[in-house]
Every structure is written in structure tokens, then in C-alpha cells.
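Here, each number is a calculation from the coordinates, and none is a lab measurement. Quick caveat: nothing in here was measured; it's all calculated off a predicted structure. Reconstructed Cβ throughout: ideal geometry from the backbone, glycine too, with neighbour counts over all protein chains shown.
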Amino acid sequence: MSEIKKKLTDYFRQQGELYPAEYFFDKMPGILRTPSSVSSENPNFISNFQRLDEEAKNCFACDLAQTRTNVVFGDGNPNTNLLFIGEAPGENEDLQGKAFVGRAGKLLDDLLKEIGLNRSHVYIANIVKCRPPANRQPVPAEVNACIHFLLHQIEFIQPRMIICLGLVAAKALLKLDLPLGRMRSQVFTFQGIDAMVTYHPAAILRNINLMEAAREDFKKIKQIYQENSGS
Ligand code: URA
């Protein structure tokens with residue numbers, strides 16, 4: 001590599017590390033919503049969203065309430081057009097009360113960064129808001145007791161695109177029961193909103209061979225988001 005090319009590469013790498021994605025060239029235009037009636041800059045939106053969060057924090061509708069440390073409502077920016085949906089909080093999330101803060105969360109942050117985004121650009125929620133003991137999958141009764149919180153979050157946020165992370169989210173929200181490999185790269189619809197499915201970051205941690213496919217999926221998510229939103 002020529003000296004000048006190396007200097008330029010180092011410069012852009014530094015800029016990418018120093019500045020949040022909104023100042024970097026690779027962001028997705030239009031990812032954050034401009035103020036409107038559904039915007040989180042609207043005081044009614046904020047108080048309604050917070051009220052839903054409070055309601056979740058006081059929920060005892062299923063047995064997970066007995067073993068949780070914290071309810072994990074979600075994380076990120078509700079004023080976004082891009083909503084990611086995981087399965088359920090794990091140990092770290094349960095302790096901190098925040099979604100995707102463990103190793104899987106770090107991997108999700110890395111995948112977001114590769115398409116020029118960070119948590120201030122997206123919202124991240126889960127199918128169930130409390131940790132299932134020993135990180136088992138949530139059972140249908142738990143999903144049924146909890147899913148209304150997610151449906152209300154979707155109603156408030158009104159994203160342009162939903163990304164299901166893993167089979168549990170695809171099955172619970174999109175009612176899809178297909179192998180994940182068959183769902184990747186397809187665009188489904190949930191209540192008129194584009195929806196895509198990719199690997200859960202925890203599945204990638206268990207099988208690092210899935211990483212390349214997940215990278216491709218994130219690029220595809222970006223491409224389809226941009227095509228469908230005219231940005
Ligand atoms: N896995 C999930 O599905 N959600 C989290 O919040 C953390 C790990």
C-alpha cells in the first residue's frame with residue numbers, strides 16, 4: 001500500500017472511532033425520524049412510552065416475575081425507523097436492566113457499526129421483558145403474557161423496518177416457523193412494516209462460522225431499508 005493510501009486509511013479509521021456514526025459518511029440517511037406526532041420529541045409520546053415502561057416494570061403476569069432482578073424494557077432511540085427484536089434478557093441484561101449489554105450485545109454493536117450505526121440510531125427490544133431462568137427459551141405462556149408490551153412498542157415507534165434476531169423472535173412476532181437459513185434475505189411484512197430475519201448474536205457466538213452470513217444480512221438490511229425508504 002502506498003504511503004498516502006495508508007495515511008488516508010488510518011485517517012478514516014480514526015474518524016470512524018472518534019465520532020459517532022451520524023458524523024461519519026456511512027450512515028443511513030433518514031434513519032432517525034424528524035419531529036412529528038409519533039416522535040419521541042413529542043411530550044405525549046415520551047410520557048406514553050414511559051408509562052408503558054413503568055407498566056412493564058410492575059408486571060407480574062407470568063412466573064418470570066418471581067425470578068427476575070430487573071425488567072428489561074428496551075434500549076436505544078425510540079425515535080427511529082429501525083427496530084431490532086431479540087428473544088429475552090440474559091444474565092447481564094437482568095442485572096443491569098438494559099437490553100443486549102453482554103457479549104451478544106457487544107457483537108450486535110459491532111454489526112451495527114459495520115453499517116454505520118450505533119444504539120443512538122436504532123431501538124432494541126425483546127419478545128419477553130424478563131430473563132427466563134438459566135437463559136432457557138421463553139415458553140409460549142410467557143410469550144403470550146408479554147407480547148402486548150412489544151406490540152405497543154411497535155405502535156409507538158412506528159418503525160419502517162423490523163429486524164428479528166433469531167428464530168424465537170421470528171416465530172413469536174412473524175409467526176414464521178422455517179429454518180433461519182430460509183428466512184434470511186427475504187422481506188416479510190408485519191402490520192404493513194418491512195420485516196427481516198437474521199441470526200441471533202448469541203447463535204453467532206456459539207458458531208463463529210455464521211459471522212460472515214450475519215455481516216451480509218446487515219448489509220442487505222441497510223440496502224433494503226435504503227431502497228424502500230427512498231434514501
Ligand atoms: N439476548 C437477547 O435476546 N436479548 C437480550 O437483551 C440479550 C441477549
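Please turn the phi angles of the stretch 84-90 into ³J(HN,Hα) values with the Karplus equation 6.51 cos²θ - 1.76 cosθ + 1.60 (θ = phi - 60°), one per residue in order, whole Hz, x for glycine and proline.
9, 10, x, 9, 6, x, x
Report, in listed order, any pair from Lys129/Lys222; Lys113/Lys219; Lys175/Lys222; Lys129/Lys171; Lys106/Lys175 with a Cα-Cα distance greater than 21 Å.
Lys129/Lys222; Lys175/Lys222; Lys106/Lys175
Find out how many positive minus negative residues lie around Phe156, taking Lys and Arg as positive, Asp and Glu as negative, among other residues whose Cβ is under 11 Å from that of Phe156.
Charge balance near Phe156 sits at -1.
Restricting attention to the stretch 56-154, which trypsin sites (Lys or Arg not before Pro) occupy a DSSP loop and are surrounded by at most 16 other Cβ atoms within 10 Å?
Answer by residue number: Arg136.
Placing +1 at every Lys and Arg Cβ and -1 at every Asp and Glu Cβ, with all other atoms neutral, what dipole size does the stretch 37-229 have around its Cα centre, in debye to the nearest 20?
My answer is approximately 320 debye.
In terms of the ratio Rg/(2.2 N^0.38 Å) built on C-alpha atoms, what value belongs to the stretch 96-145?
Compared with the compact-globule rule of thumb, the stretch 96-145 sits at 1.34.
With θ set to phi - 60° and the Karplus curve 6.51 cos²θ - 1.76 cosθ + 1.60, what are the ³J(HN,Hα) couplings of the stretch 140-150 in order, to the nearest whole Hz, using x for Gly and Pro?
Whole-Hz 3J(HN,Hα) from phi for the stretch 140-150: x, 4, 5, 4, 5, 6, 10, 4, 4, 5, 5.
Please order Phe49, Phe84 by the number of other Cβ within 10 Å, starting at the fewest.
With the fewest neighbours first, Phe49, Phe84 line up as Phe49, Phe84.
Residue by residue through the stretch 168-176, what is 3J(HN,Hα) from phi via Karplus (6.51 cos²θ - 1.76 cosθ + 1.60, θ = phi - 60°)? Round to whole Hz and write x for glycine and proline.
Each residue of the stretch 168-176 in turn: 4, 5, 4, 6, 5, 8, 8, 6, 9 Hz.
Simple spin-label model, 7 Å along Cα-to-Cβ: Ala134 to Gln96 in nm?
Going from the Ala134 label point to the Gln96 one covers 2.6 nm.
I need the shape label for the stretch 96-190. Rule: rounded when a/c is under 1.5, else prolate if a/b > b/c, else oblate, with a, b, c from the alpha carbon gyration tensor.
rounded
Skipping prolines and chain starts, which residues have an amide H placed within reach, meaning under 5 Å, of the one on Asn126, given they are 5 or more residues away or on another chain?
Here the answer is Gly86, since their amide H atoms fall under 5 Å of that of Asn126.
What does the charge dipole of the stretch 43-145 about its Cα centre add up to, to the nearest 20 debye, if the Cβ of each Lys and Arg holds +1 and the Cβ of each Asp and Glu holds -1?
So the dipole magnitude of the stretch 43-145 works out to roughly 80 debye.
Within the P(r) computed for the stretch 37-229, what percentage of the Cα pairs occupies the region above 24 Å?
34 percent
Average projected area of the Cα convex hull of the stretch 145-231, in nm²?
6.1 nm²
In the neighborhood of Leu95, defined by Cβ-to-Cβ distances under 13 Å, what is the net charge if each Lys or Arg adds +1 and each Asp or Glu adds -1?
Summing Lys/Arg as +1 and Asp/Glu as -1 gives 0.
Run the quick spin-label model on Arg51 and Val187: label points 7 Å from Cα toward the beta carbon, then report their separation in nm to one decimal.
3.5 nm
What does the charge count near Asp217 come to, summing +1 for each Lys or Arg and -1 for each Asp or Glu among other residues with Cβ under 12 Å from its Cβ?
+2
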